[in-house]
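Just below is one structure, and these are the notes that go with it.
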Amino acid sequence: MEHNDNETIGSKGIKKTEFVRLLIESLSSLGYKDSKLSLEKESGVSLCSNVVSEFIDMILVGNWDQSLNLLRKISNLDECVVKMASFVILEQKFLEFLDGSKVFEALSVLRNEISILSVNESRVRELSSFLLCGEGVRSRAKSKRDVILDLEKLLPPNVMIPQGRLLHLVEQAIDMQRDACSFHNSLTGDTLFSDHNCGKGQIPLQTLQVLQEHQDEVWFVEFSHSGKFLASCSKDKSVIVWEVGLDGRLVFKHRLFGHNASVSCVSWSPNDDQILTCGVEENVRRWDVSSGECVFVYEKSDFGMISCNWSPDGKRVFTGFNDKSIVMWDLDGNELESWKGQKTSRISDLQVTSDEKFIISISGETMVLILEKDSGDERLIEEDHNIVSFSLSGDNKFLLVSLMNQEIHLWSIDGDIRLVAKYKGHKCSRFVVRACFGGVEQAFVASGSEDSLVYIWHRVSGELIETLRGHSAAVNCISWNPVNPHMLASASDDRTIRIWGLNMISVYALLAMFKGFEGWSTWGYKLMYDIQASTMEANGKKVEVKVPKGCLLIHTFWNFHVKKMLIMKLLKGKNTFGGVIAGNMLFHGIFLGSLGVYNGCSDVVKPGCSFSKAEIRVLDRAYSTWSNQSCSGCADFITSSDRVMIFYLDWNLHLVHMYAFVCVVMTVC
């Protein structure tokens, strides 16, 4: 088939020949050799010229001399490119001789072929040293495929198309669409069949739980590195450790007493088995998370501590003092090193980078100090207004600095220090208000505020995404779960901690979907979000479970038959709910039943129980008998060989004093 090299396709004037060559390269990379040859034949377009094709074949078989000859025959190559490509080939030839103990042959290549190129002289000296090292330099030669990859970086892309180029372009497009999306916060991959499009449904905007165990203002909260625990500290001089349950709800684990002053901050050890807590200008205590016992107290006569943190390996402890110094301790309380001078301020945060190269603290009222631990070199971030707090990003590249002028500044500290973005809208003029990074790839910034709201911005664009209402006093601190991007914790002067999760789907949207169903009403209906669980008990056996995020549960106090019809319509009309594969569970539907007839069901039907199709039919029939309504239900979705698990169970008192339940039924695959 004849082709025109100048023919274009699409609205951007993409050359058709280049596009076809990318398709051919992709087929080749994916291993579809016959399809590659067929496309080349039908289109009349070749992946590369005959000379380049033969050149690649010679590289793959290790015929280095012929490879060099063919390299010279490739048209329109700059002489410098030819020399650099020749160096790559001859270096491989040299190393293969050396690996084969052919020292004299290797020496000849170095002297007579590599040296005369007069390129990369530092590498030539390094290759020369290999001749003196004997057996110590075996297996330095690369694979033939790696040699081709090195050559692809040197030769023009129209000569040798980089492997996976089309895939790289697709990944770039996905990244650009995600970066342009203010709401992207999903761990699931994008489909190539449609453009990336997120709504606010992936942002934790809904209060799922209110924790009320503290007796005074809650000043600080922080999730553990694994996301399985939350620590909170308060003006009431206590620290509480909460555990994130399998259902996503937080349960009280320990209350830690011992401080004689209000507790201002908490730091988790790298493996989450211990925490450090700091009393205001008092001491730092180290606690065992499992037992809740204090295992050590770090203190210094006549000096109070104001901040604390761990070394990345968990073997050392860093503390900031009210004399503006920083001290590093071993776990037994021996002072290993100290940095004196203007290293901290009265209000101070203290962070250690994950490579333990830098210690970061507030130095004076308007400066953040970045101290190189080994050399003592200092770099400063200078602000025009008083600094309240700061937060270090997970990749150690950015610093989030909260200011008294009601702004949060994002600084890049990777290399040259520079201001990247500013976030505005929250209130901060009197109290210590903390902000944090969060979400997938830490794409968001969240902060407390003196107006009792939680503020969430998109990190890159600076767009204010949402303000969260619920607290009744100043919100002091925010912590975003580092593992679950859909969980956020906020601490407030109203003595509570709020746990935020994904928002409920609008009732009005459902009303629009089901308009015309007799008996449908918003009265008594409730939409719930199920947090993902990791394991569940199924008849005494633990089963790994991954539940689809955003699974809908609808429960009411009346008209179960109508509701069941609505749910089945929802499942059939929404691909995201009906028949979703998630981990090893297949989501089938919603099952309703009544305890009024199936007496004693509360001992049998519970989350984690599994049932056969026949048993599900018995429960369905019990409901039908009680309600005097035909009720073919979830059993119709199940094959005779399946057993199903009840993942969620919700009990409600019916208007006529009959108990009823709603449960999500899944097949254990």
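The values are calculated or read from the model by the stated rules, or taken from the named source; none is laboratory data. All figures in this text were calculated on a predicted structure; none of them were measured in a lab. All Cβ positions, even for glycine, are placed from backbone atoms using ideal geometry, and neighbour counts span all protein chains on display. Just so you know, the surface numbers come from the protein's heavy atoms only, side chains and all, with ligands and any DNA or RNA stripped out. Shrake-Rupley method; radii C 1.70, N 1.55, O 1.52, S 1.80 Å.
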Inset, instruction - Specify the residue that is most open to solvent (accessible area, probe 1.4 Å); the eligible residues are those in region 281-312 that are in a strand (DSSP E or B) and among the β-branched types (Val, Ile, Thr). - result: VAL295
Legend entry - Selection within region 255-273 - in a strand (DSSP E or B) and surrounded by fewer than 20 Cβ atoms within 10 Å (Cβ to Cβ): ARG255
Legend entry - Selection count where residues are surrounded by 14 or more Cβ atoms within 10 Å (Cβ to Cβ) and under 33 Å from the mean Cα position of the chain (by Cα), scope region 313-342: 11
Inset, instruction - Looking only at region 2-27, count how many residues are within 15 Å of VAL170 (Cβ to Cβ) and among the hydroxyl-bearing types (Ser, Thr, Tyr). - result: 1
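Here's the yes/no breakdown for (1) at negative phi; (2) modelled with pLDDT under 90; (3) surrounded by 13 or more Cβ atoms within 10 Å (Cβ to Cβ):
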site	(1), (2), (3)
GLU54	yes, no, yes
PHE87	yes, no, yes
LEU110	yes, no, yes
SER118	no, no, no
ARG125	yes, no, no
PHE130	yes, yes, yes
Inset, instruction - Check ILE148 against each of (1) over 41 Å from the mean Cα position of the chain (by Cα); (2) closer than 22 Å to ASP57 by Cα; (3) touching a residue at least 12 places away in the same chain (Cβ under 8 Å) and name the one condition it does not meet. - result: (1)
Inset, instruction - Test SER67 against the stated conditions and say whether it is open to solvent by 40 Å² or more (accessible area, probe 1.4 Å), of a type in the set (Ser, Thr, Tyr) and in a helix (DSSP H, G or I). - result: no
Legend entry - Failed item, numbered, when ARG165 is tested on (1) in the same structural domain as ILE56 (by the TED database); (2) touching a Pro at 6+ places or on another chain (Cβ under 9 Å): (1)
Legend entry - Matching residues in region 351-376 - criterion: being within 21 Å of ARG316 (Cα to Cα), open to solvent by 30 Å² or more (accessible area, probe 1.4 Å) and of a type in the set (Asp, Glu): ASP355, GLU372, ASP374
Inset, instruction - All but one of (1) hydroxyl-bearing (Ser, Thr, Tyr); (2) in contact with a Ser or Thr (Cβ under 7 Å, 6 or more places away or on another chain); (3) over 28 Å from ASN260 (Cβ atoms) hold for THR366, so report the exception by its number. - result: (2)
Legend entry - Number of the condition not met by HIS426 [criteria: (1) within 29 Å of the chain's Cα centre (by Cα); (2) surrounded by fewer than 20 Cβ atoms within 10 Å (Cβ to Cβ); (3) farther than 20 Å from ILE306 by Cα]: (2)
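Condition check ((1) open to solvent by less than 10 Å² (accessible area, probe 1.4 Å); (2) under 25 Å from the mean Cα position of the chain (by Cα)) across all residues:
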{"site": "CYS198", "(1), (2)": "no, yes"}
{"site": "GLN209", "(1), (2)": "no, yes"}
{"site": "TRP219", "(1), (2)": "no, no"}
{"site": "SER234", "(1), (2)": "yes, no"}
{"site": "LEU246", "(1), (2)": "no, yes"}
{"site": "LYS253", "(1), (2)": "no, no"}
Legend entry - Of residues in region 221-232 being open to solvent by 30 Å² or more (accessible area, probe 1.4 Å) and over 25 Å from ARG430 (Cβ atoms), the one farthest from the chain's Cα centre (by Cα): PHE229
Inset, instruction - Would you check if VAL289 is more than 22 Å from VAL401 (Cβ to Cβ), touching a Leu at 6+ places or on another chain (Cβ under 9 Å) and touching a residue at least 24 places away in the same chain (Cβ under 8 Å)? - result: no
Inset, instruction - Evaluate region 94-104: report whether one residue or more is under 21 Å from PRO156 (Cα atoms), of a type in the set (Ser, Thr, Tyr) and part of a loop (DSSP other than H, G, I, E, B). - result: no
Inset, instruction - Please work out if ARG255 is assigned by the TED database to the domain that holds HIS486, modelled with pLDDT of 95 or more, touching a Cys at 6+ places or on another chain (Cβ under 6 Å) and not β-branched (Val, Ile, Thr). - result: no
Inset, instruction - Restricting attention to region 413-445, report how many residues are under 27 Å from LYS357 (Cβ atoms) and part of a strand (DSSP E or B). - result: 10
Inset, instruction - Tell me which residues, restricted to region 147-182, are at pLDDT below 90 and among the charged types (D, E, K, R). - result: ASP175, ARG178, ASP179
